[in-house]
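This report refers to the structure that appears directly beneath it.
Please treat every number below as a calculation from the coordinates, not as lab data. A quick note: this is a predicted structure, and the numbers were derived from the prediction, not measured.
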Amino acid sequence: MKEEIGWPELTETVAGIYAALTDEERSQAGILTGNFGEAGAIKLYARAYGLPEAISGINSYWLRGYGDPPPQVLIVLGFTFDEAGQFLGTCDLAGHVTNRYGVKNEETKDHSDIFVCRQLPEPLPELWKHFQ
């Protein structure tokens, strides 16, 4: 499936961003994804990098919630800068989704930016109500 091309690279990029966080931020970090593909990539490859599980507001992922304690720093993929900033407050560009084959898929074409969002405008349990 074309959308699965680049999943290892996506997860490796997220792992690099996660590793660049401070120790305190890593202890409070979550990975918020915009779709099943991004969530699936993280789920499949995260263990090898010691990453937290992906959270998402997409369909049944929303029902799974965000974990306990709720993340306070989010690595965000699958959103545009405007979308991320609208809900998540202060977000900085931290990387891009690519793949070694140059295949244009949803992740590389439509929303390739990866952000780190800090200083959430509300606690995640309140924000979560708007992600479904």
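Starting from the Cα gyration tensor of segment 50-130, take the square roots of the eigenvalues, sort them a ≥ b ≥ c, and report rounded, prolate or oblate (rounded when a/c is under 1.5, otherwise prolate if a/b is larger than b/c, else oblate).
Since a/c reaches 1.5 and a/b is larger than b/c, the shape of segment 50-130 is classed as prolate.
So how far, in whole Å, is the C-alpha centre of segment 50-68 from the one of segment 90-132?
Segment 50-68 and segment 90-132 have Cα centres separated by 14 Å.
What residues have an amide H closer than 5 Å to that of residue 96, excluding those fewer than 5 places away on the same chain, when H is modeled at 1.01 Å from N in the peptide plane?
114
For n ≥ 4 DSSP H runs only, could you compute -39500 (n - 2.57) per run for the chain, divide by its residues and tell me the 222 nm figure to the nearest 500?
-10500 deg cm²/dmol
Can you list the aspartates and glutamates whose alpha carbon sits under 20 Å from that of residue 43, skipping same-chain ones fewer than 8 residues off?
The reachable aspartates and glutamates, counting only those whose Cα sits under 20 Å from residue 43, are 3, 4, 9, 12, 53, 68, 106, 107, 113.
Considering amide H positions built from the backbone, and no H for Pro or chain starts, which residues 5 or more places from residue 66, or on another chain, come under 5 Å of its amide H?
Sorted by chain and number, the residues that satisfy this come to none at all.
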